[in-house]
Amino acid sequence: MVSRKLICNEEIVRNMGRNILFQKKYERVWYLVYVKAFLAAWRAACGSAAGNATLLIPEGTFAVSTVEFSGPCKNGRSPLAVVVDGVLHPCAGGCHRKSGDDDVWITFSGVSNLLVTGAGTLDGRGGEHGHSNGGGKLTTTTTNTHIWRTFVQTLELDSVANATVRGLRFLNSRGFHLNLHRSSHVAAERLRIEAPAASRNTDGIHVGLSSHVTVADSLVGTGDDCVSIGPGSSGVVIAGVACGPGHGISVGSLGREEGEGDVRGLVVRNCTVVGTTNGLRIKTWPGSPPSRAFNITFRDIVMSNVSNPIIIDQHYCPHAHCSDIAKPSLVQISDVTYERIEGTSSSRVAVQLLCSEDRPCSGVRFDRVNLSCGRERCGSKFSNVEGTKPTLVAADEAAAFGPGAVPPPDQDADVVESQH
C-alpha cells in the first residue's frame, strides 16, 4: 500500500550501465509526486546524449494521473527502454484526467527505438470505477481523431517508430487497453490483457493508421474485440493470440468517417478463439464513404464455442438507430482468404457474409474450413458475395473423417452469390 503523502520519491535511470539516482522531495498529494517523478526520469533518459538508457519503474504500487512521455529524444537512434516492474493504477475520483478531453491514461509519442517491458501491471481499474457505456470507438481519420471521449484508454503509442511492448499485464481498462496509433514497425508481444466479459469498449489491442505491426503470443480476454484493426492500417500480422472472452478478432469498424485510409495486407494466423461472440469479423458501417479492405488472410485458426465464427457485416450498427442504415456501405472488401479454420460454433449459423449491395465482396476464398454445430449441420448466410462456399459439418460427420481430414465439398461449393 502507498501512503496518502510521499515525502521522498526515487527516480531511477540506468544510463550506459550506471545507475543514476534522482531524489526529489515533495509535500503534495501522492499521485502528483509519482507523475513528476516519472516525468523527471523520462526527461533524463530521453535527454541522454549517450543513448542506451533505461527508465525503471520499480516494484511497488503507484497511483498516477494522465501522463505523456513525449519525444523526440536527444539520441533517437539509440534504444530507450522503459521497464515497468510495479503496479500502476489511476487515482480515484477522476484526478487521473487533466481535462474532460483526455481519453488516454499513459501515452508515448514521437519516440523511436522504444522498448516498454517488465513484469509489472497497468491496472485501469475499470472494474472498480466502471467502463465506458458509450457506443462509440476511436476513429482513425487524420481530420477527426476521436468520435466519443467517454472512456480512457490505458496505454497509447502515438507516432512511434521501431517499438516493442512486451511482457506487461493489462487489467480492467476503462477503454482500449493498448492503442497503436499513427505508428510503424511496432511489436506487441507476450502480453496478458484481462477485463470482464461485460465491459464495453475494452478492446485488448487496437491498431489504427499504422503499418508493419505484429501482435504475437498474447492472452487477451476482454468485453470487446481481442484485437481490432482500424482504418489506415497495413502490413499487420496477428499470430499466436489466445482470444476469449470478448468479440473476437476484428477488422473495423470501417467507414464511420470521411477520409479513412484503406486496410490492406492483414494476416491472422495460429490463433485460438474461445467462448466469444464473434470469431473472425470484418465490419463496416452502412452509408459509409468509399474505402477498401483487401488482401486479408485468416489461417490456422481454432475456435471453440464461438457464436459467429466467420462473419462479414457491412450493415454494422451497434446502436440500432443508425441514420444511414438503409444506405449501402461503400467499403469494398476483396481478396479475403479463410484457410484451415476449424472448431465449434455455439450458433446454428457458423458463416455469415453479409456484403454491400453496392460493393459486393469479391475474391473471397475458403480452403479447408471445418466448423461444426453440435449434432446438426451448420447453416450459413451469404449476400452479395463472389467466392467459394465453405464446408460445414455436424459433429458426428467431423469425427467420421478423423483428425486432420477434410470433408468432401458441398455440391454448390464453387460460387455463392445470393441475396439476404
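The values are calculated or read from the model by the stated rules, or taken from the named source; none is laboratory data. These numbers were taken from a predicted model, which means no experiment stands behind them. Methodologically, a virtual Cβ is constructed for each residue, glycine included, from the backbone with ideal geometry; neighbour enumeration extends over all protein chains shown.
What the table shows:
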{"read-out": "Of all residues making up region 292-312, the number that are closer than 14 Å to Gly252 by Cα and surrounded by fewer than 21 Cβ atoms within 10 Å (Cβ to Cβ)", "value": "2"}
{"read-out": "All strands (runs of 3 or more DSSP E) inside region 180-221 with 1 or more residues being touching a residue at least 12 places away in the same chain (Cβ under 8 Å) and farther than 17 Å from Ala242 by Cα", "value": "184-189, 205-208, 211-221"}
{"read-out": "Positions within region 200-214 being small (Gly, Ala, Ser) and either in the same structural domain as Ser250 (by TED's automatic domain parsing) or buried (at least 22 other Cβ atoms within 10 Å of the Cβ) (or both), in sequence order", "value": "Gly204, Gly208, Ser210"}
{"read-out": "Odd one out for Asp217, checked against (1) more than 23 Å from Met303 (Cα to Cα); (2) surrounded by fewer than 24 Cβ atoms within 10 Å (Cβ to Cβ); (3) in contact with a strand residue (DSSP E or B) (Cβ under 7 Å, 6 or more places away or on another chain)", "value": "(1)"}
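Conditions (1) within 27 Å of Ile205 (Cα to Cα); (2) at pLDDT 90 or above; (3) surrounded by fewer than 18 Cβ atoms within 10 Å (Cβ to Cβ), marked per residue:
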residue	(1), (2), (3)
Asn9	no, no, no
Phe22	no, no, yes
Ala63	yes, no, no
Cys73	yes, yes, no
Val84	yes, yes, no
Asp103	yes, no, no
Phe108	yes, yes, no
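Yes/no per residue for (1) in the same structural domain as Val263 (by TED's automatic domain parsing); (2) assigned to a strand (DSSP E or B); (3) touching a residue at least 24 places away in the same chain (Cβ under 8 Å); (4) farther than 18 Å from Ser250 by Cβ:
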| position | (1), (2), (3), (4) |
| --- | --- |
| Pro318 | yes, no, yes, no |
| His321 | yes, no, no, yes |
| Ile325 | yes, no, yes, yes |
| Pro328 | yes, no, yes, yes |
| Tyr338 | yes, yes, yes, no |
| Ile341 | yes, yes, yes, no |
| Ser347 | yes, no, yes, no |
| Leu353 | yes, yes, yes, no |
| Asp358 | yes, no, yes, yes |
